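Report on the structure given below.
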Amino acid sequence: MEKIRLGRTEMMVTKLGFGGIPIQRVSEEEAIAVVHKCLELGINYLDTANGYTTSEERIGKAIKGKRKGLFLSTKSLARNREDVEKHLKLSLERLGTDYIDLYQLHNVSDAKALETVIDPNGPRAVVEDAKRAGLVKHIGITCHQIDIAKDAVKTDLFETVMFPLNFMSYEGRDELLSLCRQHDVGFIAMKPLAGGMIDNAAIAVKYLLQFPDVVLIPGIERVPEIEEIARIFKGPKEMTAGEKQEMERIRQELGTRFCRRCDYCQPCTAGIPISDIMSFPNLAKRLPLVRLYTGKFAEAFVKALECTDCGECEERCPYNLPIREMMQEHVKMHQAGKLEYEKQLASR
Ligand code: SF4
Ligand code: SF4
């Protein structure tokens with residue numbers, strides 16, 4: 001499996017990494033089998049997060065006795081010192097390791113959040129202390145907003161940036177990637193298959209193979225998925241003329257209905273977390289049912305019912321998405337899924 005240098009971390013990691021979100025959805029046995037298959041294929045980069053429920057623990061069980069040579073990356077959404085400390089400790093325990101290769105401040109989504117995480121007494125400082133103590137080797141950031149990602153790179157406080165990159169969302173491929181190169185920051189492409197919206201893995205992977213210094217971490221749920229992607233890596237890297245045509249066709253088809261989670265549509269006058277509602281079909285493919293139908297998401301869908309139809313969000317969406325129409329569809333999908341989920345719970 002091809003390895004590349006991950007920016008200033010100086011670490012050599014496999015260009016194909018493993019994204020650990022979807023293994024929350026399967027049984028523990030299946031999750032461990034997926035991680036074992038990744039190791040067997042020579043993948044050394046495993047990514048997870050404190051927020052991905054069982055993911056860290058399952059990866060920890062799968063890599064027991066096999067830690068050497070792996071590049072373990074995890075993250076924390078916390079925005080205060082105490083919680084970052086708690087998350088870091090938990091990650092070490094769950095992963096069964098005495099150090100984490102890359103610890104990332106997760107989903108830093110606006111200027112205020114960036115300011116908070118880089119405060120000299122804030123979350124990044126906790127990770128810096130952990131780095132001095134040998135518990136963390138490198139510090140990164142993950143983000144969906146291009147301006148915030150660029151600002152984060154310019155601070156020179158992060159060794160890597162994780163940002164969405166695929167042939168549907170390619171905002172990061174120009175200025176952000178070139179900034180990363182200038183600052184020697186490793187670029188990790190999240191959502192290489194657009195969070196499951198792109199069914200054609202060959203085209204999605206080949207699109208990204210044009211960037212020699214970018215690591216891809218597709219979220220993997222089952223063994224055949226990672227086997228298929230690993231096969232694509234071994235085959236011809238260039239897209240055929242037919243594949244290029246197909247990519248354009250998919251772009252046309254999804255282009256008018258695909259939310260990039262950029263949040264340019266905010267602020268919603270009713271306080272609705274629009275991108276969560278808009279991404280529902282996507283998230284429904286990756287997240288466990290308990291995450292979709294209880295807690296934060298369930299609350300977001302209740303909030304969505306307060307839409308006043310003002311249309312301001314649509315004026316701001318750079319992709320001209322019919323937000324109100326799509327939100328209504330997704331609310332119906334969510335209600336039907338929730339009913340089904342509750343029936344399942346009741347029959348247990
Ligand atoms: S149309 Fe609805 S979702 Fe859009 S800004 Fe207005 S209240 Fe918010
Ligand atoms: S609806 Fe449009 S503006 Fe809002 S997050 Fe999605 S793509 Fe971005």
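The values are calculated or read from the model by the stated rules, or taken from the named source; none is laboratory data. From a predicted model like this one, the values you see are computed outputs, not experimental measurements. Reconstructed Cβ throughout: ideal geometry from the backbone, glycine too, with neighbour counts over all protein chains shown. Side chains included, ligands, DNA and RNA excluded: accessible areas come from the protein's heavy atoms. Shrake-Rupley method; radii C 1.70, N 1.55, O 1.52, S 1.80 Å.
Go through (1) farther than 28 Å from residue 24 by Cβ; (2) of a type in the set (Asp, Glu); (3) assigned to a loop (DSSP other than H, G, I, E, B) one by one and return the number of the condition residue 263 breaks.
Among (1) farther than 28 Å from residue 24 by Cβ; (2) of a type in the set (Asp, Glu); (3) assigned to a loop (DSSP other than H, G, I, E, B), residue 263 violates only (1).
Residues are listed down the side, and each one gets a yes or a no for (1) of a type in the set (S, T, N, Q); (2) more than 16 Å from ligand 1 (Cβ to nearest atom); (3) open to solvent by less than 20 Å² (accessible area, probe 1.4 Å); (4) on the phi > 0 side of the Ramachandran plot:
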{"position": "278", "(1), (2), (3), (4)": "no, no, yes, no"}
{"position": "299", "(1), (2), (3), (4)": "no, no, no, no"}
{"position": "302", "(1), (2), (3), (4)": "no, no, no, no"}
{"position": "306", "(1), (2), (3), (4)": "no, no, no, no"}
{"position": "320", "(1), (2), (3), (4)": "yes, no, no, yes"}
{"position": "324", "(1), (2), (3), (4)": "no, no, no, no"}
{"position": "344", "(1), (2), (3), (4)": "yes, yes, no, no"}
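Considering the range 170-188 alone, what residues qualify as being open to solvent by 20 Å² or more (accessible area, probe 1.4 Å) and under 19 Å from the mean Cα position of the chain (by Cα)?
If the condition is that a residue be open to solvent by 20 Å² or more (accessible area, probe 1.4 Å) and under 19 Å from the mean Cα position of the chain (by Cα), then 170, 171, 173 are the ones that fit.
When the range 209-234 is examined, which residues are found to be part of a loop (DSSP other than H, G, I, E, B), open to solvent by 30 Å² or more (accessible area, probe 1.4 Å) and at pLDDT 95 or above?
Matches in the range 209-234: 210, 212, 213.
Taking residue 286, is it under 25 Å from residue 145 (Cβ atoms) and either assigned to a helix (DSSP H, G or I) or modelled with pLDDT of 95 or more (or both)?
no
What number of residues within the range 54-88 are hydrophobic (A, V, I, L, M, F, W, C) and closer than 16 Å to residue 121 by Cα?
Summing the residues that are hydrophobic (A, V, I, L, M, F, W, C) and closer than 16 Å to residue 121 by Cα in the range 54-88 gives 2.
Being touching a Gly at 6+ places or on another chain (Cβ under 8 Å) and under 23 Å from residue 16 (Cβ atoms) is true for just one of 96, 140, 69. Which residue is that?
None of the other options fit; the residue is 140.
Name, by its number, the condition in (1) closer than 18 Å to residue 19 by Cα; (2) crowded, with 24+ Cβ neighbours inside 10 Å; (3) modelled with pLDDT of 95 or more that does not hold for residue 101.
Here residue 101 clears every test but (2).
Filter the range 298-326 down to the residues that are within 9 Å of ligand 2 (Cβ to nearest atom) and outside any loop (DSSP other than H, G, I, E, B), then identify the one that is nearest to residue 268 (Cα to Cα).
Taking the candidates together, the pick is 313.
Hey, residue 289 hits all of (1) open to solvent by 20 Å² or more (accessible area, probe 1.4 Å); (2) within 20 Å of the chain's Cα centre (by Cα); (3) within 16 Å of ligand 2 (Cβ to nearest atom); (4) hydrophobic (A, V, I, L, M, F, W, C) but one; which does it fall short on?
It is condition (3) that residue 289 fails.
I'd like the full set of residues that are charged (D, E, K, R) and outside any helix (DSSP H, G or I), limited to the range 327-348.
Listed by number, the list holds a single entry, 348.
One line per residue, one yes/no per condition, for (1) within 16 Å of ligand 1 (Cβ to nearest atom); (2) more than 18 Å from the chain's Cα centre (by Cα); (3) among the β-branched types (Val, Ile, Thr):
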site: 224; (1), (2), (3): no, yes, no
site: 234; (1), (2), (3): no, yes, no
site: 275; (1), (2), (3): yes, no, no
site: 313; (1), (2), (3): yes, yes, no
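What residue, of 21, 4, is touching a strand residue (DSSP E or B) at 6+ places or on another chain (Cβ under 8 Å) and modelled with pLDDT under 95?
On inspection, the qualifying residue turns out to be 21.
Restricting to the range 120-136, give me the number of residues that are under 13 Å from residue 158 (Cα atoms) and either at pLDDT below 95 or of a type outside the set (Val, Ile, Thr) (or both).
So the answer is 5.
Which one of these is within 16 Å of ligand 2 (Cβ to nearest atom), over 19 Å from residue 5 (Cα atoms) and either surrounded by fewer than 22 Cβ atoms within 10 Å (Cβ to Cβ) or of a type outside the set (S, T, N, Q) (or both): 206, 191, 244? Give the steps one after another, and end with the answer.
Working: 206 fails: within 16 Å of ligand 2 (Cβ to nearest atom); 244 fails: within 16 Å of ligand 2 (Cβ to nearest atom).
The conditions single out 191.
Just need a number here: residues in the range 93-116 that are over 20 Å from the mean Cα position of the chain (by Cα) and outside any loop (DSSP other than H, G, I, E, B).
4
Is there a residue being at pLDDT below 95 and β-branched (Val, Ile, Thr) anywhere in the range 57-74?
Within the range 57-74, not a single residue is at pLDDT below 95 and β-branched (Val, Ile, Thr).
Taking only the range 124-166 into account, find how many residues are hydrophobic (A, V, I, L, M, F, W, C), part of a loop (DSSP other than H, G, I, E, B) and more than 26 Å from residue 178 (Cα to Cα).
The total comes to 2.
Here's a check for you: in the range 255-271, which residue that is within 10 Å of ligand 1 (Cβ to nearest atom) and within 23 Å of residue 194 (Cα to Cα) is surrounded by the most Cβ atoms within 10 Å (Cβ to Cβ)? Give the steps one after another, and end with the answer.
Start the filter on the range 255-271 by keeping residues that are within 10 Å of ligand 1 (Cβ to nearest atom), which leaves 265-271.
Filter again for within 23 Å of residue 194 (Cα to Cα), leaving 265-266.
On the way: 265: 21, 266: 16.
Out of the qualifying residues, it is 265.
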